[in-house]
Each structure stands twice: as structure tokens, then as C-alpha cells.
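Engineer: Before we start, here is the structure in question, set down as C-alpha cells.
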Amino acid sequence: AQTVTQSQPEMSVQEAETVTLSCTYDTSESDYYLFWYKQPPSRQMILVIRQEAYKQQNATENRFSVNFQKAAKSFSLKISDSQLGDAAMYFCAYRRQGAQKLVFGQGTRLTINP
Amino acid sequence: DAGVIQSPRHEVTEMGQEVTLRCKPISGHNSLFWYRQTMMRGLELLIYFNNNVPIDDSGMPEDRFSAKMPNASFSTLKIQPSEPRDSAVYFCASRATGWNTEAFFGQGTRLTVV
């Protein structure tokens with residue numbers, strides 16, 4: 001079974017600084033997708049960024065970028081120029097290609113210090 | 001589009017009572033998911049539908065839980081009878097057809113069983 005592990009229950013960063021959230025996963029599949037979801041206090045799960053495993057290029061969405069290391073099964077999220085609105089729980093998730101189910105990590109609570 | 005709409009946002013009920021959670025997926029999405037979020041177990045998939053048909057209900061914890069999707073625009077998750085350990089946030093998500101599409105989540109229903 002696929003598993004997703006986020007080893008950092010909590011992280012904090014100063015506003016305007018850069019922070020990196022870690023995620024590792026375990027799978028025997030070669031084709032899959034990886035995601036980072038943000039859950040602010042409003043509870044809404046918001047898709048931040050996604051990565052297709054077949055793509056070597058790391059995905060980027062404005063201030064958010066990933067470091068995808070397929071061989072190491074690592075998928076970290078980098079947030080640049082942190083803003084107060086970035087404070088939230090962040091979940092790493094995995095989906096096998098062709099499957100419907102998302103497998104989530106336990107989450108990392110990110111605090112932004114003004 | 002208004003996104004995935006869940007109701008109610010909060011529900012407090014007494015042990016033994018029946019609880020019904022509701023979800024309206026995004027129009028045109030043909031896959032619908034029910035997830036449960038708890039501190040202990042994180043986010044876990046309970047059941048998902050494809051074209052209104054339940055495909056995988058292996059995550060449904062017990063027979064006390066049931067889900068229906070009578071049409072493409074409505075789904076319910078029912079717990080009868082409810083127990084305190086059912087207290088959690090329940091998310092509904094929907095996804096359009098296609099290998100390269102992603103799930104969009106509702107704001108969740110926080111259920112408290114006392």
C-alpha cells in the first residue's frame with residue numbers, strides 16, 4: 001500500500017522568508033501524481049501545486065515550488081517570500097495514475113511570524 | 001461555479017441519533033468522494049462514486065455508515081446511530097473525468113457527537 005509521510009508536525013518562519021516542508025512517500029508504481037494541499041483555519045482544502053511523476057521538471061506556482069526527487073521518493077514544498085496568509089496546515093498527497101483515491105500525509109502546521 | 005457545497009457546516013448531535021451530511025458536487029464532475037479527517041487518523045477516504053455509482057466503499061468504517069448518490073448533483077452520508085467516536089470533519093470532493101483532472105473539496109462538515 002502507498003504511504004505518505006510528513007515528518008514535520010509543525011514549522012514556523014518569519015514573514016518574507018523562505019520555508020521548505022518535507023514529504024516522503026512509498027510506492028511501487030512508476031506513474032503517479034503528487035500534490036500539496038493547504039488547509040487554512042476555514043477548513044477548506046485548497047490545491048496548491050501538483051507534480052506528475054513522469055515529468056522531470058519541478059512544478060512551480062508563483063511563490064510555491066516543489067523539489068521532486070523520484071528516486072528518493074521525496075517531494076518537498078518550498079514557499080518563498082512567506083506571507084501571513086500562508087499560515088495553514090499543509091498536506092502532501094499521492095494518487096496513483098488511473099486511480100481515484102488520494103492518500104494523504106499527516107500534515108504540517110505552518111506558522112508565519114510577523 | 002460555486003464549488004463543492006456541503007451542509008451543514010457544523011452539526012452537534014446526541015449519541016444514538018441519526019446524522020445526515022449533504023454534498024452538492026461541482027456541475028459536470030462525475031466522481032464524488034467522501035473523506036473523514038480526525039486527529040488520530042488524518043484524512044481517509046470513506047467512499048467514492050463514479051457516475052452516481054458507488055465504486056469503492058472499503059473505507060466505510062461500519063454498517064452504521066451509508067452513502068447515497070441519487071443523482072449527479074447530490075450525495076448524502078448518513079450515520080445511524082451516531083457515536084462519539086464519529087466526531088470528525090467530513091469532506092466531500094468532486095472531480096471531472098480525465099486522467100489529468102484533480103479533486104476539489106468542499107469546506108467540510110464538523111460533526112460533534114455528544
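What follows is calculated from the coordinates using simple rules that are stated; it is not laboratory data. All of these numbers come straight from a predicted model, not from anything done at the bench. With ideal geometry, Cβ positions are generated from the backbone for all residues, glycine too; neighbour counts draw on all protein chains shown.
Engineer: Counting Lys and Arg as +1 and Asp and Glu as -1, each charge on the Cβ, what is the dipole of region B:1-53 about the Cα centre in debye, to the nearest 20?
Structural biologist: 120
Engineer: Report, as an integer, the average count of C-beta atoms from other chains found within 10 Å of each Cβ along B:99-108.
Structural biologist: 5
Engineer: Can you pick out the pairs among A:55/B:68; A:38/B:24; A:70/B:68; A:73/B:68; A:55/A:101 whose Cα atoms lie more than 27 Å from each other?
Structural biologist: Going by Cα-Cα distance, A:55/B:68; A:70/B:68; A:73/B:68 fall outside the 27 Å limit.
Engineer: Now a separate question. For chain B, go through all pairs of different Cα atoms, get the mean of 1/r, take its inverse, and jot down that Kirkwood value in Å.
Structural biologist: Numbers: mean 1/r = 0.0714 Å⁻¹.
Hydrodynamic radius (Kirkwood, Cα pairs) of chain B is 14.0 Å.
Engineer: Limiting things to C-alpha atoms, what are the Rg and the maximum Cα-Cα separation (Dmax) for the protein assembly as shown, in angstroms?
Structural biologist: Radius of gyration, then largest Cα-Cα span, for the protein assembly as shown: 17.7, 52 Å.
Engineer: Now a separate question. Do you know the relative contact order of region B:2-114, to the nearest whole percent, from alpha carbon pairs under 8 angstrom that are 6+ apart?
Structural biologist: 37
Engineer: Taking the mean number of other Cβ atoms within 10 Å as a proxy for protection, how do you rank A:26-39, A:47-60 from highest to lowest?
Structural biologist: Values: A:26-39: 18.0, A:47-60: 14.9.
Put in order of decreasing packing, that is A:26-39, A:47-60.
Engineer: Taking neighbour counts of Cβ atoms within 10 Å as a proxy for exposure, in what order, fewest first, do B:33, B:104, A:64 appear?
Structural biologist: Neighbour counts put them in this order, fewest first: A:64, B:104, B:33.
Engineer: Once you compute Rg and the Kirkwood Rh from C-alpha atoms, what is the Rg to Rh ratio for chain A? Walk me through the intermediate numbers first.
Structural biologist: On the way: Rg = 13.5 Å, Rh = 14.1 Å.
On the Cα set of chain A, Rg over Rh gives 0.96.
Engineer: So if I take the centroid of the Cα atoms in region B:49-113 and the same for region A:39-95, what is the distance between those two points in Å?
Structural biologist: About 25 Å separates the Cα centre of region B:49-113 from the one of region A:39-95.
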